[in-house]
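What follows is a short report on a single structure.
The values are calculated or read from the model by the stated rules, or taken from the named source; none is laboratory data. In this text, all values refer to a predicted model and were calculated from it rather than measured experimentally. As a convention, Cβ positions derive from the backbone with ideal geometry for all residues, glycine included, and neighbour counts pool all protein chains shown. The area values use the complete protein model at the heavy-atom level, side chains included, leaving out ligands, DNA and RNA. Shrake-Rupley method; radii C 1.70, N 1.55, O 1.52, S 1.80 Å.
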Amino acid sequence: MRSSVIKHNPINLLTQELINSSTEMKILVLNCGSSSIKYKLYDMNDHSVLAAGGVERIGLDEAFLKVTLPNGEKRVIMHDMPDHKEGVNFVFQTLLDKEIGAIKDLSEIDAVGHRVVQGGDKFCESTLVTPEVEQGIEELCDLAPVHNAGHLRGIRAVDALMPTTPQVVVFDNAFHSTMPEHAFLYAVPYELYEKYHVRRYGFHGTSHRYVSQRVCDFLGCDIKTQRIITCHIGNGASVAAIKYGKCVDTSMGLTPLEGLMMGSRSGDIDPSAVTYLMDKLGKKPQEMADFLNKESGVLGITGISSDMREIESAAAEGNKRARLALDMYNYRIKKYIGAYAAAMGGVDIIVWTAGVGENQVGTRLDACSHLEFLGIKIDEEANKVRGEETIISTPDSKVTVCVIPTDEELVIASDTMKIVAEKK
(Lines give C-alpha, C1' and ligand atoms only; values in the text may rest on other atoms or scores of the structure.)
Protein backbone atom coordinates (compact mmCIF):
# COMPACT_ATOMS: atom_id res chain seq x y z
CA MET A 1 0.00 0.00 0.00
CA ARG A 2 1.14 3.62 -0.58
CA SER A 3 2.00 5.84 2.35
CA SER A 4 -0.23 8.59 0.95
CA VAL A 5 -3.44 6.66 1.65
CA ILE A 6 -2.67 5.68 5.23
CA LYS A 7 -5.42 6.18 7.79
CA HIS A 8 -4.63 6.27 11.50
CA ASN A 9 -7.37 4.80 13.68
CA PRO A 10 -7.24 5.53 17.44
CA ILE A 11 -9.38 2.44 18.05
CA ASN A 12 -8.10 -0.27 15.73
CA LEU A 13 -8.93 -3.90 15.13
CA LEU A 14 -6.35 -5.31 17.52
CA THR A 15 -7.18 -2.79 20.23
CA GLN A 16 -10.91 -3.34 19.71
CA GLU A 17 -10.46 -7.10 20.02
CA LEU A 18 -8.64 -6.62 23.31
CA ILE A 19 -11.28 -4.18 24.57
CA ASN A 20 -14.05 -6.62 23.69
CA SER A 21 -12.26 -9.39 25.58
CA SER A 22 -11.50 -7.33 28.71
CA THR A 23 -12.19 -9.12 31.97
CA GLU A 24 -11.38 -8.95 35.65
CA MET A 25 -8.81 -11.73 35.24
CA LYS A 26 -5.22 -11.39 36.39
CA ILE A 27 -2.87 -13.39 34.15
CA LEU A 28 0.73 -14.23 34.99
CA VAL A 29 2.97 -14.71 31.95
CA LEU A 30 6.12 -16.81 32.43
CA ASN A 31 9.03 -17.34 30.04
CA CYS A 32 11.23 -19.99 31.62
CA GLY A 33 14.68 -20.63 30.19
CA SER A 34 17.33 -23.10 31.23
CA SER A 35 18.46 -20.90 34.14
CA SER A 36 16.07 -17.95 34.02
CA ILE A 37 12.44 -16.94 34.48
CA LYS A 38 10.96 -13.74 33.04
CA TYR A 39 7.52 -12.74 34.27
CA LYS A 40 4.76 -10.18 33.83
CA LEU A 41 1.49 -9.97 35.72
CA TYR A 42 -1.37 -8.43 33.74
CA ASP A 43 -4.69 -6.98 34.84
CA MET A 44 -6.76 -8.03 31.84
CA ASN A 45 -9.46 -5.49 32.62
CA ASP A 46 -7.29 -2.80 31.07
CA HIS A 47 -4.25 -4.87 30.02
CA SER A 48 -2.00 -2.97 32.41
CA VAL A 49 1.18 -4.56 33.75
CA LEU A 50 0.92 -4.92 37.53
CA ALA A 51 4.37 -6.41 38.02
CA ALA A 52 7.36 -7.42 35.93
CA GLY A 53 10.77 -8.88 36.56
CA GLY A 54 13.08 -11.77 36.00
CA VAL A 55 15.07 -14.45 37.78
CA GLU A 56 18.63 -15.21 36.66
CA ARG A 57 21.24 -17.87 37.45
CA ILE A 58 18.88 -20.63 38.63
CA GLY A 59 20.97 -23.54 39.88
CA LEU A 60 24.09 -21.36 40.02
CA ASP A 61 25.84 -19.27 42.64
CA GLU A 62 24.65 -15.70 43.17
CA ALA A 63 21.17 -16.25 41.78
CA PHE A 64 18.99 -13.14 41.87
CA LEU A 65 15.63 -11.63 40.97
CA LYS A 66 15.41 -8.25 39.28
CA VAL A 67 12.06 -6.53 39.71
CA THR A 68 10.72 -3.35 38.09
CA LEU A 69 8.56 -1.31 40.47
CA PRO A 70 5.52 0.73 39.32
CA ASN A 71 7.57 3.95 39.58
CA GLY A 72 10.18 2.51 37.21
CA GLU A 73 12.74 1.78 39.92
CA LYS A 74 14.61 -1.49 39.51
CA ARG A 75 15.70 -3.65 42.42
CA VAL A 76 17.96 -6.68 42.53
CA ILE A 77 17.26 -9.25 45.24
CA MET A 78 19.78 -12.02 45.86
CA HIS A 79 18.22 -15.39 46.68
CA ASP A 80 19.37 -19.01 46.55
CA MET A 81 17.40 -20.77 43.81
CA PRO A 82 18.66 -24.31 43.18
CA ASP A 83 15.86 -25.18 40.74
CA HIS A 84 12.91 -23.76 38.80
CA LYS A 85 10.44 -24.65 41.55
CA GLU A 86 12.26 -22.39 43.97
CA GLY A 87 12.63 -19.77 41.24
CA VAL A 88 8.88 -19.72 40.56
CA ASN A 89 8.22 -19.79 44.30
CA PHE A 90 10.40 -16.71 44.78
CA VAL A 91 8.54 -14.93 41.97
CA PHE A 92 5.33 -15.68 43.89
CA GLN A 93 6.86 -14.40 47.14
CA THR A 94 7.89 -11.19 45.40
CA LEU A 95 4.41 -10.70 43.95
CA LEU A 96 3.02 -11.07 47.50
CA ASP A 97 5.60 -8.80 49.15
CA LYS A 98 3.92 -6.00 51.14
CA GLU A 99 6.34 -3.35 49.92
CA ILE A 100 7.07 -4.25 46.29
CA GLY A 101 4.36 -6.81 45.50
CA ALA A 102 1.21 -6.47 43.40
CA ILE A 103 -1.26 -8.92 44.97
CA LYS A 104 -2.33 -9.97 48.46
CA ASP A 105 -3.00 -13.65 47.74
CA LEU A 106 -1.99 -16.10 45.01
CA SER A 107 -5.67 -16.84 44.44
CA GLU A 108 -5.83 -13.47 42.67
CA ILE A 109 -3.87 -15.04 39.80
CA ASP A 110 -6.57 -16.57 37.61
CA ALA A 111 -4.27 -18.33 35.14
CA VAL A 112 -0.65 -18.66 34.06
CA GLY A 113 0.47 -18.40 30.44
CA HIS A 114 3.78 -19.85 29.29
CA ARG A 115 5.92 -19.17 26.23
CA VAL A 116 7.10 -22.48 24.74
CA VAL A 117 9.67 -22.30 21.95
CA GLN A 118 9.08 -25.59 20.17
CA GLY A 119 5.65 -27.08 19.49
CA GLY A 120 6.86 -29.18 16.56
CA ASP A 121 4.12 -30.69 14.43
CA LYS A 122 2.12 -31.56 17.55
CA PHE A 123 0.88 -28.09 18.47
CA CYS A 124 -0.31 -25.54 15.91
CA GLU A 125 -2.13 -23.27 18.35
CA SER A 126 -2.15 -22.20 21.98
CA THR A 127 -3.63 -24.78 24.32
CA LEU A 128 -4.60 -25.53 27.91
CA VAL A 129 -1.96 -27.47 29.83
CA THR A 130 -2.90 -31.08 30.57
CA PRO A 131 -0.73 -34.10 31.43
CA GLU A 132 -0.89 -35.06 27.75
CA VAL A 133 0.29 -31.60 26.67
CA GLU A 134 3.16 -31.73 29.16
CA GLN A 135 4.13 -35.12 27.74
CA GLY A 136 4.00 -33.71 24.21
CA ILE A 137 6.30 -30.83 25.16
CA GLU A 138 8.70 -33.29 26.78
CA GLU A 139 8.75 -35.45 23.64
CA LEU A 140 9.81 -32.35 21.68
CA CYS A 141 12.83 -31.69 23.88
CA ASP A 142 15.06 -33.35 21.30
CA LEU A 143 14.21 -30.50 18.90
CA ALA A 144 14.85 -27.75 21.48
CA PRO A 145 16.62 -29.39 24.43
CA VAL A 146 17.60 -26.22 26.28
CA HIS A 147 14.42 -24.23 25.70
CA ASN A 148 11.67 -26.84 26.05
CA ALA A 149 13.25 -28.42 29.12
CA GLY A 150 13.26 -25.03 30.84
CA HIS A 151 9.66 -24.31 29.84
CA LEU A 152 8.58 -27.70 31.14
CA ARG A 153 10.31 -27.15 34.48
CA GLY A 154 8.41 -23.88 34.83
CA ILE A 155 5.08 -25.50 34.02
CA ARG A 156 5.69 -28.27 36.54
CA ALA A 157 6.79 -25.77 39.18
CA VAL A 158 3.42 -24.03 38.85
CA ASP A 159 1.74 -27.46 38.92
CA ALA A 160 3.35 -28.10 42.30
CA LEU A 161 2.84 -24.65 43.83
CA MET A 162 -0.60 -23.75 42.42
CA PRO A 163 -2.16 -27.10 41.41
CA THR A 164 -5.68 -25.72 40.82
CA THR A 165 -4.62 -22.74 38.69
CA PRO A 166 -5.15 -23.30 34.95
CA GLN A 167 -2.12 -22.94 32.70
CA VAL A 168 -1.90 -22.25 28.96
CA VAL A 169 1.04 -22.75 26.61
CA VAL A 170 1.63 -20.43 23.64
CA PHE A 171 4.03 -21.90 21.09
CA ASP A 172 6.70 -19.79 19.45
CA ASN A 173 6.42 -21.62 16.13
CA ALA A 174 2.62 -21.96 15.94
CA PHE A 175 2.16 -18.86 13.77
CA HIS A 176 4.48 -20.40 11.18
CA SER A 177 2.44 -23.61 10.90
CA THR A 178 0.71 -22.18 7.81
CA MET A 179 3.91 -22.46 5.76
CA PRO A 180 3.49 -24.75 2.73
CA GLU A 181 5.56 -27.93 2.44
CA HIS A 182 7.74 -26.51 -0.32
CA ALA A 183 8.83 -23.77 2.11
CA PHE A 184 9.31 -25.76 5.31
CA LEU A 185 10.90 -28.98 4.03
CA TYR A 186 14.65 -29.51 3.75
CA ALA A 187 16.00 -31.26 0.67
CA VAL A 188 16.96 -34.43 2.51
CA PRO A 189 15.28 -37.85 2.13
CA TYR A 190 11.58 -37.40 2.85
CA GLU A 191 11.48 -40.25 5.34
CA LEU A 192 13.68 -38.19 7.67
CA TYR A 193 10.84 -35.69 7.92
CA GLU A 194 8.35 -38.48 8.50
CA LYS A 195 10.48 -40.28 11.09
CA TYR A 196 12.36 -37.48 12.85
CA HIS A 197 10.24 -34.40 11.99
CA VAL A 198 13.21 -32.62 10.43
CA ARG A 199 11.87 -29.43 8.85
CA ARG A 200 11.84 -25.65 9.20
CA TYR A 201 9.64 -24.60 12.11
CA GLY A 202 10.54 -20.94 12.63
CA PHE A 203 10.41 -19.00 15.87
CA HIS A 204 9.46 -15.56 17.23
CA GLY A 205 6.01 -16.47 15.93
CA THR A 206 4.14 -14.63 18.69
CA SER A 207 6.00 -11.44 17.79
CA HIS A 208 5.50 -11.85 14.03
CA ARG A 209 1.82 -12.54 14.66
CA TYR A 210 1.41 -9.46 16.86
CA VAL A 211 3.23 -6.91 14.70
CA SER A 212 1.73 -8.09 11.40
CA GLN A 213 -1.76 -7.50 12.75
CA ARG A 214 -0.83 -4.41 14.71
CA VAL A 215 0.73 -2.67 11.70
CA CYS A 216 -2.45 -3.19 9.70
CA ASP A 217 -4.49 -1.74 12.56
CA PHE A 218 -2.06 1.18 12.76
CA LEU A 219 -2.30 1.83 9.01
CA GLY A 220 -6.03 1.20 8.75
CA CYS A 221 -5.86 -1.68 6.28
CA ASP A 222 -7.00 -5.30 6.19
CA ILE A 223 -4.27 -7.88 6.84
CA LYS A 224 -6.02 -10.22 4.39
CA THR A 225 -5.15 -7.86 1.54
CA GLN A 226 -1.51 -7.19 2.43
CA ARG A 227 1.87 -8.79 1.70
CA ILE A 228 3.96 -8.10 4.79
CA ILE A 229 7.60 -8.73 5.69
CA THR A 230 8.16 -8.62 9.45
CA CYS A 231 11.71 -8.15 10.70
CA HIS A 232 12.08 -9.24 14.34
CA ILE A 233 15.63 -8.08 14.87
CA GLY A 234 17.09 -8.52 18.34
CA ASN A 235 19.92 -10.56 19.82
CA GLY A 236 18.03 -13.40 18.19
CA ALA A 237 16.61 -12.36 14.83
CA SER A 238 14.23 -13.64 12.18
CA VAL A 239 12.27 -12.42 9.18
CA ALA A 240 8.84 -13.70 8.14
CA ALA A 241 6.83 -13.44 4.94
CA ILE A 242 3.13 -12.99 5.70
CA LYS A 243 0.79 -13.10 2.73
CA TYR A 244 -2.82 -12.10 3.28
CA GLY A 245 -2.66 -12.91 7.01
CA LYS A 246 -0.79 -16.22 6.83
CA CYS A 247 2.90 -16.92 7.25
CA VAL A 248 4.31 -18.45 4.06
CA ASP A 249 8.01 -18.48 4.99
CA THR A 250 10.40 -17.57 7.79
CA SER A 251 14.15 -17.45 8.20
CA MET A 252 14.71 -19.62 11.30
CA GLY A 253 14.63 -23.36 10.80
CA LEU A 254 14.61 -26.57 12.80
CA THR A 255 16.20 -24.50 15.54
CA PRO A 256 16.69 -20.74 16.03
CA LEU A 257 20.23 -21.05 14.60
CA GLU A 258 19.26 -20.85 10.92
CA GLY A 259 18.72 -17.65 9.01
CA LEU A 260 20.07 -14.21 9.81
CA MET A 261 23.41 -13.41 11.40
CA MET A 262 22.61 -12.74 15.07
CA GLY A 263 24.26 -11.55 18.25
CA SER A 264 26.11 -14.80 18.93
CA ARG A 265 24.53 -17.16 16.36
CA SER A 266 26.09 -17.78 12.98
CA GLY A 267 22.86 -17.95 11.00
CA ASP A 268 23.04 -19.60 7.57
CA ILE A 269 26.24 -21.60 7.05
CA ASP A 270 27.31 -24.38 4.70
CA PRO A 271 26.90 -27.69 6.61
CA SER A 272 30.21 -28.82 5.13
CA ALA A 273 31.88 -25.85 6.82
CA VAL A 274 30.45 -27.15 10.09
CA THR A 275 31.84 -30.66 9.68
CA TYR A 276 35.16 -29.22 8.46
CA LEU A 277 35.46 -27.07 11.58
CA MET A 278 34.45 -29.94 13.83
CA ASP A 279 37.38 -31.90 12.45
CA LYS A 280 39.85 -29.00 12.67
CA LEU A 281 38.77 -27.90 16.16
CA GLY A 282 38.17 -31.38 17.54
CA LYS A 283 34.63 -30.53 18.61
CA LYS A 284 31.84 -33.00 19.31
CA PRO A 285 28.32 -32.29 17.92
CA GLN A 286 26.99 -30.51 21.03
CA GLU A 287 30.21 -28.55 21.41
CA MET A 288 29.92 -27.41 17.81
CA ALA A 289 26.28 -26.46 18.31
CA ASP A 290 27.26 -24.36 21.33
CA PHE A 291 30.05 -22.76 19.29
CA LEU A 292 27.66 -21.74 16.50
CA ASN A 293 24.98 -20.54 18.93
CA LYS A 294 27.06 -18.80 21.58
CA GLU A 295 30.44 -17.83 20.10
CA SER A 296 29.62 -16.86 16.52
CA GLY A 297 27.54 -14.18 14.80
CA VAL A 298 28.37 -10.55 15.59
CA LEU A 299 30.35 -11.63 18.65
CA GLY A 300 32.49 -13.99 16.61
CA ILE A 301 33.26 -11.50 13.84
CA THR A 302 34.07 -8.55 16.11
CA GLY A 303 35.53 -10.29 19.15
CA ILE A 304 33.96 -7.41 21.10
CA SER A 305 30.34 -8.09 21.99
CA SER A 306 27.00 -9.44 20.82
CA ASP A 307 25.34 -6.10 21.63
CA MET A 308 24.67 -4.10 18.48
CA ARG A 309 24.88 -0.80 20.38
CA GLU A 310 28.47 -1.55 21.32
CA ILE A 311 29.25 -2.66 17.78
CA GLU A 312 27.85 0.56 16.29
CA SER A 313 29.94 2.61 18.73
CA ALA A 314 33.08 0.63 17.89
CA ALA A 315 32.44 1.01 14.15
CA ALA A 316 31.99 4.77 14.58
CA GLU A 317 35.40 4.87 16.29
CA GLY A 318 37.01 3.17 13.30
CA ASN A 319 37.04 -0.49 14.35
CA LYS A 320 37.19 -2.33 11.00
CA ARG A 321 35.85 -5.65 12.28
CA ALA A 322 32.92 -3.88 13.90
CA ARG A 323 32.20 -2.18 10.56
CA LEU A 324 32.49 -5.53 8.80
CA ALA A 325 30.05 -7.12 11.24
CA LEU A 326 27.50 -4.35 10.65
CA ASP A 327 27.85 -4.72 6.89
CA MET A 328 27.37 -8.50 7.11
CA TYR A 329 24.45 -8.15 9.52
CA ASN A 330 22.53 -5.58 7.47
CA TYR A 331 23.31 -7.27 4.14
CA ARG A 332 21.74 -10.53 5.27
CA ILE A 333 18.56 -8.78 6.38
CA LYS A 334 18.42 -7.07 2.98
CA LYS A 335 18.79 -10.45 1.22
CA TYR A 336 15.85 -11.93 3.13
CA ILE A 337 13.68 -8.88 2.40
CA GLY A 338 14.41 -9.32 -1.31
CA ALA A 339 13.83 -13.06 -1.20
CA TYR A 340 10.50 -12.75 0.57
CA ALA A 341 9.31 -10.00 -1.74
CA ALA A 342 10.00 -12.44 -4.58
CA ALA A 343 8.28 -15.32 -2.76
CA MET A 344 5.10 -13.29 -2.29
CA GLY A 345 5.12 -11.63 -5.70
CA GLY A 346 5.75 -8.24 -4.12
CA VAL A 347 5.54 -6.53 -0.74
CA ASP A 348 3.17 -3.88 0.60
CA ILE A 349 4.45 -3.38 4.15
CA ILE A 350 7.76 -3.94 5.95
CA VAL A 351 7.77 -3.95 9.76
CA TRP A 352 10.76 -3.47 12.05
CA THR A 353 10.46 -4.73 15.61
CA ALA A 354 12.35 -6.11 18.66
CA GLY A 355 15.38 -4.54 20.36
CA VAL A 356 17.52 -3.77 17.31
CA GLY A 357 14.65 -3.34 14.87
CA GLU A 358 12.90 -0.82 17.10
CA ASN A 359 15.97 1.17 18.11
CA GLN A 360 18.93 0.86 15.74
CA VAL A 361 18.47 3.60 13.16
CA GLY A 362 21.49 2.57 11.09
CA THR A 363 20.43 -1.05 10.70
CA ARG A 364 17.01 -0.09 9.34
CA LEU A 365 18.48 2.44 6.93
CA ASP A 366 21.27 0.19 5.62
CA ALA A 367 19.07 -2.91 5.24
CA CYS A 368 16.47 -0.94 3.23
CA SER A 369 18.96 0.98 1.11
CA HIS A 370 19.26 0.24 -2.64
CA LEU A 371 15.84 -1.43 -2.61
CA GLU A 372 14.19 1.36 -4.57
CA PHE A 373 13.59 -1.14 -7.39
CA LEU A 374 11.08 -2.78 -5.01
CA GLY A 375 9.44 0.57 -4.32
CA ILE A 376 11.12 1.07 -0.93
CA LYS A 377 12.15 4.61 -0.03
CA ILE A 378 13.20 5.51 3.53
CA ASP A 379 12.69 8.97 5.03
CA GLU A 380 15.98 9.45 6.89
CA GLU A 381 14.54 12.03 9.26
CA ALA A 382 11.49 9.90 10.13
CA ASN A 383 13.81 6.91 10.59
CA LYS A 384 15.53 8.57 13.56
CA VAL A 385 12.75 7.37 15.85
CA ARG A 386 13.43 4.75 18.55
CA GLY A 387 10.87 2.44 20.10
CA GLU A 388 7.75 4.18 18.79
CA GLU A 389 5.05 3.21 16.31
CA THR A 390 5.74 5.24 13.22
CA ILE A 391 6.10 5.24 9.45
CA ILE A 392 9.70 5.62 8.29
CA SER A 393 9.14 5.48 4.53
CA THR A 394 8.60 8.51 2.33
CA PRO A 395 5.10 9.56 1.22
CA ASP A 396 5.85 8.41 -2.34
CA SER A 397 7.25 5.02 -1.29
CA LYS A 398 5.25 2.20 -2.86
CA VAL A 399 6.07 0.05 0.18
CA THR A 400 5.09 1.34 3.62
CA VAL A 401 7.92 0.76 6.10
CA CYS A 402 7.05 0.98 9.79
CA VAL A 403 8.51 0.58 13.25
CA ILE A 404 6.09 -1.34 15.49
CA PRO A 405 7.21 -2.26 19.04
CA THR A 406 6.34 -5.86 19.77
CA ASP A 407 4.35 -7.13 22.76
CA GLU A 408 4.66 -10.90 22.88
CA GLU A 409 3.67 -11.11 26.53
CA LEU A 410 0.34 -9.39 25.90
CA VAL A 411 -0.41 -11.92 23.15
CA ILE A 412 0.36 -14.76 25.57
CA ALA A 413 -1.82 -13.17 28.26
CA SER A 414 -4.67 -12.64 25.78
CA ASP A 415 -4.51 -16.23 24.47
CA THR A 416 -4.43 -17.51 28.04
CA MET A 417 -7.44 -15.45 29.04
CA LYS A 418 -9.43 -16.53 25.97
CA ILE A 419 -8.70 -20.25 26.40
CA VAL A 420 -9.41 -20.25 30.13
CA ALA A 421 -12.65 -18.30 29.65
CA GLU A 422 -13.79 -20.77 26.96
CA LYS A 423 -13.17 -23.72 29.27
CA LYS A 424 -15.29 -22.29 32.08
If one builds a Gaussian network model of the chain from Cα atoms under 10 Å apart, the most fluctuating residue listed among 336, 196, 39 is 196
P(r) of region 34-140 over all Cα-Cα pairs, 5 Å bins starting at 0, rounded to whole percent, reads 2, 10, 20, 19, 19, 15, 10, 4, 1
Expected sort for 41-48, 165-172 on mean C-beta neighbours within 10 Å, highest first, is 165-172, 41-48
Pseudo-spin-label distance residue 369 to residue 389, built 7 Å along Cα→Cβ, given in nm, is 3.1
Residues of region 55-96 with backbone N under 14 Å of the label point set 7 Å from the Cα of residue 49 along Cα→Cβ are 55, 66-75
Heads up, the chain by the C-alpha gyration tensor (a ≥ b ≥ c square roots of eigenvalues; a/c under 1.5 rounded, else a/b over b/c prolate, else oblate) looks rounded
Of 75, 332, 200, the most mobile residue in a GNM of the chain (C-alpha springs, cutoff 10 Å) is 75
Cα pairs beyond 16 Å in region 129-227, in percent, come to 68
Of 115, 323, 214, ordered by accessible area with the largest first and a 1.4 Å probe, the sequence is 323, 115, 214
Of the listed links 74/423; 98/423; 66/104, those spanning more than 30 angstrom between alpha carbons are 74/423; 98/423
Sorting 373, 92 on solvent-accessible surface, 1.4 Å probe, most exposed first, gives 373, 92
With 0.36 nm assigned to each residue of separation and the Cα-Cα distance removed, residue 380 to residue 244 gains 46.1 nm
Reported to the nearest 10 Å², residue 308 has, with a 1.4 Å probe, an accessible area equal to 10
So residue 195 and residue 164, fully extended at 0.36 nm per residue minus their Cα-Cα distance, gain in nm 7.5 nm
Taking a ≥ b ≥ c as the square roots of the Cα gyration tensor eigenvalues, with a/c under 1.5 meaning rounded and otherwise prolate when a/b beats b/c or oblate if not, region 287-424 comes out oblate
Expressed in nanometres to one decimal, the distance between label points 7 Å along Cα→Cβ at residue 289 and residue 188 is 1.2
Sorted by accessible surface (1.4 Å probe, heavy atoms of the protein chains only), largest first, 317, 24 come out as 317, 24
With the label point 7 Å along the Cα-to-beta-carbon line of residue 64 and a cut-off under 15 Å to each amide N, the hits in region 78-102 are 78-81
Gyration tensor on Cα atoms of region 180-267, a ≥ b ≥ c root eigenvalues, a/c under 1.5 rounded, else prolate if a/b beats b/c, else oblate, says oblate
